[in-house]
Amino acid sequence: MEKKPCSNSLAVKTSHVLPPDTNNHGTLFGGKLMAHIDDVAAIAAVRHSRLPVVTASTDSVDFLSPVKEGDSICVEAFVTWTHNTSMEVFVKAVTENLLTGERKVCTTAFLTFVAIDQYGKPVPVPDVYPETEQEKQLHKLAPERAQRRKERRQHSKELAKSFGTDYPWNKSKNY
């Protein structure tokens, strides 16, 4: 497979934040922003791999500043690193006060996607290479993030096994 630059996968989505998108504080629901992030990141992963993808993990979603009703939210994503069947995608969300033009990075996130075949089995993806200084920085640190993801996933598996499917504090009811 031929290597591809990070920029080939760039995906951008801009939305107007309307009243149904906001909570009782007049700011964008975090879950709504997370849905935008997953959507745009998935598009970037598909653009890179040209294959169907599934979300494997979200490392973190850091909400840095509120997104207010009437603002716009612009979500940008691109593939920063690949490993066999997986792709790390960096996402940045920028809010803009449409009346004043003030813009702020309101959220950053890293997500991992896995390319799959028609049977839902993981398949190899092309390597990615950085071109800009920012892309090089993200690419260089990606193996460390991948190792932390692997450790976190193992911890999650151990928690799931420990807790199981029952709620020990109330075994008499099915919720």
Would you say residue 167 is free of Cβ contacts under 8 Å to residues at least 40 places away in the same chain, of a type in the set (Phe, Trp, Tyr), surrounded by 10 or more Cβ atoms within 10 Å (Cβ to Cβ) and over 24 Å from residue 63 (Cα atoms)?
yes
Is it the case that region 107-121 has a residue that's part of a loop (DSSP other than H, G, I, E, B) and among the β-branched types (Val, Ile, Thr)?
no
Pick from region 84-106 the residues that are in a strand (DSSP E or B) and loosely packed, with under 15 Cβ neighbours inside 10 Å: which of them is nearest to the chain's Cα centre (by Cα)?
105
Is it the case that region 70-78 has a residue that's outside any strand (DSSP E or B) and surrounded by 16 or more Cβ atoms within 10 Å (Cβ to Cβ)?
yes
Looking only at region 1-47, count how many residues are assigned to a loop (DSSP other than H, G, I, E, B), hydrophobic (A, V, I, L, M, F, W, C) and out of contact with any Gly (no Cβ under 9 Å at 6 or more places or on another chain).
3
I'd like the full set of residues that are within 24 Å of residue 122 (Cβ to Cβ), polar (S, T, N, Q) and out of contact with any Asp or Glu (no Cβ under 8 Å at 6 or more places or on another chain), limited to region 32-86.
49, 57, 60, 84, 85, 86
Subset tally (residues that are closer than 30 Å to residue 85 by Cβ and surrounded by 19 or more Cβ atoms within 10 Å (Cβ to Cβ)) for region 1-36:
6
Condition broken by residue 67, with the remaining ones in (1) crowded, with 17+ Cβ neighbours inside 10 Å; (2) under 25 Å from residue 143 (Cα atoms); (3) touching a residue at least 40 places away in the same chain (Cβ under 8 Å) satisfied
(2)
Go through region 131-157 and count every residue that is free of Cβ contacts under 8 Å to residues at least 24 places away in the same chain, under 16 Å from residue 83 (Cα atoms) and within 18 Å of the chain's Cα centre (by Cα).
4
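No value in this document is a laboratory result; all are computed from the given coordinates. In this text, all values refer to a predicted model and were calculated from it rather than measured experimentally. Quick reminder, even Gly has a Cβ in these numbers, built from the backbone with ideal geometry, and neighbours come from all protein chains shown.
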